[in-house]
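The values are calculated or read from the model by the stated rules, or taken from the named source; none is laboratory data. Just so it is clear, the model here is predicted, and its values are computed rather than measured. So basically every Cβ, Gly included, is an ideal-geometry build from the backbone, and we count neighbours across all protein chains shown. Remember, those area values only see protein heavy atoms, side chains included, never the ligands or the DNA or RNA. Shrake-Rupley method; radii C 1.70, N 1.55, O 1.52, S 1.80 Å.
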Amino acid sequence: MASVRSKLCKYLTSISCRNCNILFSTNLKSFKNLRYVSSSTKPDDDRDPAPSFFNQDVQQLLKKLTRIDLKKVYRKKKEEQSLESPEYKFLTDEQLNKLLKEFEDKANEKLQMPPVVKIRKDEQKVLDIEPALQGYSDAKFVFTDITYGLSNKERLVVVRDPDGTLREASMQEHCRISQLYVPMLGRQLTPPPMFQEEYLKLLMEQGEYEFILDRACVQFEPDDPEYHRVTQATYDHIDNCCKYETLRSTRHFGPFAFYLAWHKQIDNLVLESIHTDRLDEAVALIQLYHILNPESKSASVAYSGQQVQFVQVC
Amino acid sequence: MIPASGGAAFKRLSPKVIRFARYGCANRPFFHIVVMECIEQIGSFDPLTNKYNEKLVSLNFERIKYWIGHGAIPSTPVAELLGLAGFFPIHPRTYMTAWRNRRANEPRETVEQSPENIAVSNQ
């Protein structure tokens, strides 16, 4: 952390972009905040990120930031499946281009971003109160609707408590019961110990961000508070260690960039893009920040094609 | 073993009953809720509690509505379960069982109290 901070101190006064041979003078007002690293309370949790996330412009910007690299998307992975022997073909240029395009489309599909939605509130509606049923049973009765064709969100799960109250199941009960009756591949009945604080910290120190995010995606629904906790902790850790390359060209970079822009923490990423001579990405990130925070001071500056001036002004 | 999707032929004029069919193993019951003559499985009931102190019941409400609409009659335990689920009104047997259980618990409390009282008064 100290080394990162000293690196950032160097950038505090000026950054040089090797491509353009220009010195940017920085005015990082939020530099002080970079020291205080904690993932606990974020102020703007009441705003609903879903409409902004599914906006076409935002999606375009996030895709641009993800920087789809086919070599990384189709890299060798250990997936515990038996390999088929490779197929070699002779192709003309046209056929090769057509195949490349097909694989690009498949890569786009593979890199579909997990949605960023508001945390769902756990409202356990009480459907019936029957005090005369006290003593019938010491155990709760959990009733699930296994009608064919229902999604987990529509599925009704009700619980009859031993004191006679009939209520809708809590979020945790609902997830567990749905997984019991309509299991999803890769999802455990109870969240694995990996997502607890101490083990999560260990994993993040080892740099296994993609593994954590993939597993969180499978285990939790996107509106689960646990999903938000795990992803926020991971994103904060990546931001502090500036290890953006681990997530580039994966499906998680889009929501990660969205998270940074939403919580006004784009400084590190902008610095990194300038330092690696990717001004177009810096511009895209700042534009994203403007769309998500229209009340910010530099939001009135419109991008007119001059990358360098735009970044300097903002 | 009859498959869960049922295996019997549908005979139009025979009476249909929705009842439990005991599956599971020795000393470990597990019930399928079935339309007799085993045409279709409509749900399941596990009478033993799990580690969260829950008895799990699954019910395919769409098919239950279909068969009841075609004149199927649920047996008493199935009717009790559906009453507890809120689909039917609560069965009178449920109220009776609850009342009897409460009455069975009460005399034990009064009996427990009297030796204590004797011990306290002796001291």
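Of the listed requirements (1) more than 16 Å from the chain's Cα centre (by Cα); (2) within 13 Å of chain A (Cβ to nearest Cβ), B:G43 misses just one: (1). Under the condition of being more than 7 Å from chain A (Cβ to nearest Cβ) and buried (at least 17 other Cβ atoms within 10 Å of the Cβ), the residues counted in the range B:46-66 number 3.
Of the helices (runs of 4 or more DSSP H) lying entirely inside the range A:208-314, those containing at least 3 residues that are modelled with pLDDT under 85 and open to solvent by 50 Å² or more (accessible area, probe 1.4 Å) span A:307-313. Checking each residue in the range A:205-234 for being over 30 Å from A:I177 (Cα atoms) and in contact (Cβ under 8 Å) with a residue 24 or more places away in the chain picks out only A:G207.
Only one entry in A:M184, A:M171, A:M194 is open to solvent by 80 Å² or more (accessible area, probe 1.4 Å) and not hydroxyl-bearing (S, T, Y), namely A:M184. All conditions in (1) surrounded by fewer than 18 Cβ atoms within 10 Å (Cβ to Cβ); (2) more than 7 Å from chain B (Cβ to nearest Cβ); (3) of a type outside the set (S, T, Y) hold for A:M113, with the sole exception of (1). In the range B:35-42, is there at least one residue being closer than 25 Å to A:A132 by Cβ and part of a strand (DSSP E or B)? Among the residues of the range B:35-42, not one is closer than 25 Å to A:A132 by Cβ and part of a strand (DSSP E or B), which makes the answer no. Scan the range A:116-143 for residues that are more than 7 Å from chain B (Cβ to nearest Cβ) and open to solvent by less than 40 Å² (accessible area, probe 1.4 Å) and report the count. Residues that pass the stated criteria total 3.
Taken together, the residues in the range A:198-230 that are in contact with a Pro (Cβ under 7 Å, 6 or more places away or on another chain) and within 19 Å of A:G254 (Cα to Cα) amount to 2. In the range A:144-160 there is at least one residue matching the filter, namely being open to solvent by less than 70 Å² (accessible area, probe 1.4 Å), farther than 26 Å from A:I119 by Cβ, within 11 Å of chain B (Cβ to nearest Cβ) and outside any loop (DSSP other than H, G, I, E, B).
Taking the numbered list (1) modelled with pLDDT of 90 or more; (2) over 18 Å from A:V157 (Cβ atoms); (3) within 12 Å of chain A (Cβ to nearest Cβ) in turn, B:L82 passes all entries but (2).
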